[in-house]
Amino acid sequence: MKNILIILLFFSTFGAFAQKQSQEEGEEKTEVTHKWRVSTPYFILTDPIGGGWNDRTSTQMIELHVKRNLDNKNIIGLKLATWRLFQPMGIQYWDGLLDKLDTESEFYPGHVRERGIGFTYQRMLWKGLFAAVEVLPQFQTYMDLEGNKIGNDFKLYNSYHVGYHIAFGKKKRFFIEPQIHVNHWMFDNNAPEAFKVIDDKWKNYFLFEPNIYIGMSF
């Protein structure tokens, strides 16, 4: 309950700040060039944590963002995502993340498939600089190494972003958004014991994840 209140307070504060900024900027009414945008993380196309879709360490990640430009400052959207985890997400860089990607002692005795539809809010701060928050409720399916289902759970996955929007091409329809985000999750308390033992060794957040969204506006 405390975490939910913190999230609601964050949204309320962020929304109030956005409204105040809009008023201070003279209620900008300039027409939005493109009302819609669609994007996906670049890493989906490269699948860097594995040698192929069926590899033991492949995340099998699919993520799509569909957003609506309310005006030149405020953007809301839907986030559709699914991925498959082979080890805890809370292993930080300074915990030896890159080393532990190949350390099977940190691997789950199977995989966790997570899928959900969430909401996003993006605020343009200065030129292309932006801040964003994404809230993604997820249903989890636990599978053993043979792919058999052994349990279900629910998780609320949140991420907080700072990045830069770079548009290019004819009428600037195409864009990239290099960014850094902090990820935090809660409520995943019903994992099978063999998975829970590994999860409990690590945090329920991941700091300073680099990413690049690529997309198109229309």
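The values are calculated or read from the model by the stated rules, or taken from the named source; none is laboratory data. Remember, predicted model here, so these are calculated numbers, not experimental data. Cβ sites come from the backbone with ideal geometry, for glycine too, and all protein chains shown count toward neighbours. Just so you know, the surface numbers come from the protein's heavy atoms only, side chains and all, with ligands and any DNA or RNA stripped out. Shrake-Rupley method; radii C 1.70, N 1.55, O 1.52, S 1.80 Å.
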Regarding region 81-89, can at least one residue be identified that is surrounded by 16 or more Cβ atoms within 10 Å (Cβ to Cβ) and more than 21 Å from Asp199 (Cα to Cα)? yes
All but one of (1) more than 16 Å from the chain's Cα centre (by Cα); (2) among the aromatic types (Phe, Trp, Tyr); (3) loosely packed, with under 14 Cβ neighbours inside 10 Å hold for Tyr142; state the number of the condition that does not hold. (3)
If I ask for residues that are part of a loop (DSSP other than H, G, I, E, B), open to solvent by 30 Å² or more (accessible area, probe 1.4 Å) and either among the aromatic types (Phe, Trp, Tyr) or at pLDDT 70 or above (or both), which ones from region 31-56 would you list? Glu31, Thr33, Lys35, Tyr42, Trp53, Asn54, Asp55, Arg56
Show the residue pairs that are 6+ apart or on different chains and have beta-carbon atoms under 6 Å apart, the first residue being within region 203-215 and farther than 15 Å from Trp94 by Cβ, the second being among the aromatic types (Phe, Trp, Tyr) and surrounded by 15 or more Cβ atoms within 10 Å (Cβ to Cβ). Asn204/Trp185; Ile212/Tyr42; Ile214/Tyr42; Gly215/Phe175
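Could you check how many residues of region 75-107 are in a strand (DSSP E or B) and touching a Gly at 6+ places or on another chain (Cβ under 9 Å)?
5
Against the definition (touching an Asp or Glu at 6+ places or on another chain (Cβ under 9 Å) and basic (Lys, Arg)), how does Lys79 come out, yes or no? Walk me through how you get there before you give the answer.
On the way: touching an Asp or Glu at 6+ places or on another chain (Cβ under 9 Å): yes; basic (Lys, Arg): yes.
Answer is yes for this residue.
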Select, from Lys170, Lys155, Lys100, Lys196, the only residue that is out of contact with any strand residue (DSSP E or B) (no Cβ under 6 Å at 6 or more places or on another chain), free of Cβ contacts under 8 Å to residues at least 60 places away in the same chain and open to solvent by less than 60 Å² (accessible area, probe 1.4 Å). Lys100
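If we keep just the residues of region 179-190 that are open to solvent by less than 50 Å² (accessible area, probe 1.4 Å) and free of Cβ contacts under 8 Å to residues at least 60 places away in the same chain, which is farthest from Val32 (Cα to Cα)?
Within region 179-190, the subset open to solvent by less than 50 Å² (accessible area, probe 1.4 Å) is 179, 181-186, 188.
Subset that is free of Cβ contacts under 8 Å to residues at least 60 places away in the same chain: 179, 181-182, 184, 188.
Values: Gln179: 23, His181: 27, Val182: 29, His184: 33, Asp188: 40 Å.
Restricting to residues being open to solvent by less than 50 Å² (accessible area, probe 1.4 Å) and free of Cβ contacts under 8 Å to residues at least 60 places away in the same chain, the top hit is Asp188.
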Which one is farthest from the chain's Cα centre (by Cα), of the residues in region 103-123 that are under 20 Å from Gln179 (Cα atoms) and open to solvent by less than 40 Å² (accessible area, probe 1.4 Å)? Arg123
Members of region 205-217 that are open to solvent by less than 70 Å² (accessible area, probe 1.4 Å) and either over 17 Å from the mean Cα position of the chain (by Cα) or not small (Gly, Ala, Ser) (or both): Phe206, Leu207, Glu209, Pro210, Asn211, Ile212, Tyr213, Ile214, Ser217
Right, Met143: closer than 18 Å to Gln60 by Cβ and at pLDDT 95 or above or not? yes
